[in-house]
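Enquirer: Before I ask anything, here is the structure I am working with.
The values are calculated or read from the model by the stated rules, or taken from the named source; none is laboratory data. This is a predicted model, so every value here is computed, not measured. Neighbour counts are summed over all protein chains in view; Cβ atoms, including those assigned to glycine, are modelled from backbone coordinates with ideal geometry. Each accessible area value is taken on the protein alone, full model and side chains, heavy atoms only, with ligands, DNA and RNA left out. Shrake-Rupley method; radii C 1.70, N 1.55, O 1.52, S 1.80 Å.
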Amino acid sequence: MTAPAPKPWIDAIAPYVPGRSSTDDGRKAIKLSSNESPLGTSPAAIAAFEAADRTLHRYPDAAATALREAIAAKHGLDPARVIHGTGSDEILHLAAGAFAGQGDEVLFVRYGFSVYPIAARRVGAEPVEAPDRDYATDVDALLAAVTPKTRVVFVANPNNPTGTYTDRRELARLHAGLPDDVLLVVDQAYAEYLAPEDDDGAFALAQIASNVLVTRTFSKIHGLAAERIGWGYGPAPVIAAMHKIRAPFNVTTAGQEAAIAALGDDGFVAASREHNLHWRTWLEGEIAALGNAGLRAVPTKANFILILFEGRVTAQEAYQALMERGYIVRWLPGQGLPHGLRVSIGTEEETRGIADALREIVAGPTGAAGLAVTA
Ligand SMILES: *Cc1c(COP(=O)(O)O)cnc(C)c1O
């Protein structure tokens with residue numbers, strides 16, 4: 001019997017692996033695997049979300065006008081050039097879908113965000129990885145990988161899963177080195193965690209260049225991951241092309257209302273940034289103290305740390321041992337990081353807890369063999 005055949009480029013997709021929220025044996029665990037907000041959601045955003053239940057029978061505003069205006073006002077942008085998405089994931093897919101297709105290449109750095117190869121393949125384009133530089137984005141390597149077939153370049157800044165940051169000068173150099181007909185997508189999912197002086201200049205580039213798109217999300221610092229709200233900012237023709245292929249009612253009414261309220265709660269965002277900086281710095285110190293056991297933190301500016309395991313205890317063993325202690329982190333062998341664990345910054349209790357657990361695990365008396373990884 002024959003059956004419908006997926007297109008070969010769809011067959012070639014390695015599915016996205018979401019962060020887990022329960023252990024191998026089904027226990028609910030402390031989830032530090034998806035870079036979610038440890039402080040929850042702004043109370044103002046929750047109230048706005050709840051109020052939206054009065055209009056459940058109505059379609060949402062397809063143009064998300066109030067949300068786009070709120071975003072534009074907050075960032076000093078032109079609302080007509082803001083596009084809303086079902087998470088910023090949708091914006092990434094729209095960028096690939098509008099500007100790349102069969103025979104084209106979509107470029108990103110090794111250890112880049114795992115959605116980029118999916119976004120490329122989905123539209124029949126070829127994903128191309130440029131080498132990293134010590135886990136960070138290497139502008140020279142990216143520029144060297146550009147070919148006449150390159151249509152889109154994705155750069156996450158800070159990057160996920162590495163947490164590394166590309167500064168303003170380097171980003172400008174990347175843009176200057178790209179042909180004008182290559183779309184540079186700067187994915188700023190974690191930008192709100194940066195200190196103000198760490199502005200990477202992507203919005204300023206998007207204001208004047210013909211080929212720069214910046215993406216943002218409400219899923220991370222704003223704590224609205226469940227509602228799926230993201231947005232992009234770019235030149236009018238780029239945004240217009242993406243609108244043509246966007247689902248018409250792609251952000252729910254409750255999501256739009258909650259996002260507007262979240263944008264207005266500067267106190268919540270500031271508290272989240274401070275919490276993250278404090279506990280990230282603290283956990284980096286704890287990891288540095290385990291350096292003699294072969295643990296090393298990749299320098300991060302995001303709300304997570306990529307911990308490399310280069311000693312006696314492997315990342316896989318630590319992953320299992322953490323799970324047994326009720327902590328779920330992200331082990332990323334599928335992304336070329338079998339030796340790394342990405343750990344989100346949680347609450348104080350969770351962060352202290354995972355540091356204790358790591359200390360115990362690497363101190364295991366008989367090393368890897370002594371770890372109870374058999375469960
Ligand atoms: C989390 C994340 C996103 C987007 O998530 P959405 O929930 O779809 O908005 C985009 N890019 C990177 C690098 C991320 O880590």
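Enquirer: Determine the pairs where a residue that is among the aromatic types (F, W, Y), located within the stretch 158-183, has a partner that is surrounded by fewer than 22 Cβ atoms within 10 Å (Cβ to Cβ) and in a helix (DSSP H, G or I) with Cβ atoms under 7 Å apart, the partner being 6 or more residues away or on another chain.
Expert: Y165/D198
Enquirer: Does P131 meet the test of being surrounded by fewer than 23 Cβ atoms within 10 Å (Cβ to Cβ) and farther than 15 Å from V182 by Cα?
Expert: Yes.
Enquirer: For the subset of the stretch 195-224 comprising residues that are open to solvent by 20 Å² or more (accessible area, probe 1.4 Å) and among the hydrophobic types (A, V, I, L, M, F, W, C), which member is farthest from A125 (Cα to Cα)?
Expert: A195
Enquirer: Only residues that are within 14 Å of the ligand (Cβ to nearest atom) and on the phi > 0 side of the Ramachandran plot: list them for the stretch 53-101, please.
Expert: If the condition is that a residue be within 14 Å of the ligand (Cβ to nearest atom) and on the phi > 0 side of the Ramachandran plot, then G87 is the only one that fits.
Enquirer: Restricting to the stretch 16-52, and then to whatever is of a type in the set (S, T, Y) and more than 16 Å from the ligand (Cβ to nearest atom), can you tell me which residue is surrounded by the fewest Cβ atoms within 10 Å (Cβ to Cβ)?
Expert: S22
Enquirer: If you take just the helices (runs of 4 or more DSSP H) that sit entirely in the stretch 170-271, which of them hold at least 3 residues that are within 15 Å of the ligand (Cβ to nearest atom) and in the same structural domain as A136 (by the TED database)?
Expert: Because the criterion is at least 3 residues that are within 15 Å of the ligand (Cβ to nearest atom) and in the same structural domain as A136 (by the TED database), the helices (runs of 4 or more DSSP H) in the stretch 170-271 that meet it are 253-264.
Enquirer: Sticking with this one: On the given criteria, is V155 among the aliphatic types (A, V, I, L, M), free of Cβ contacts under 8 Å to residues at least 60 places away in the same chain, in contact with a Gly (Cβ under 9 Å, 6 or more places away or on another chain) and within 16 Å of the ligand (Cβ to nearest atom)?
Expert: yes
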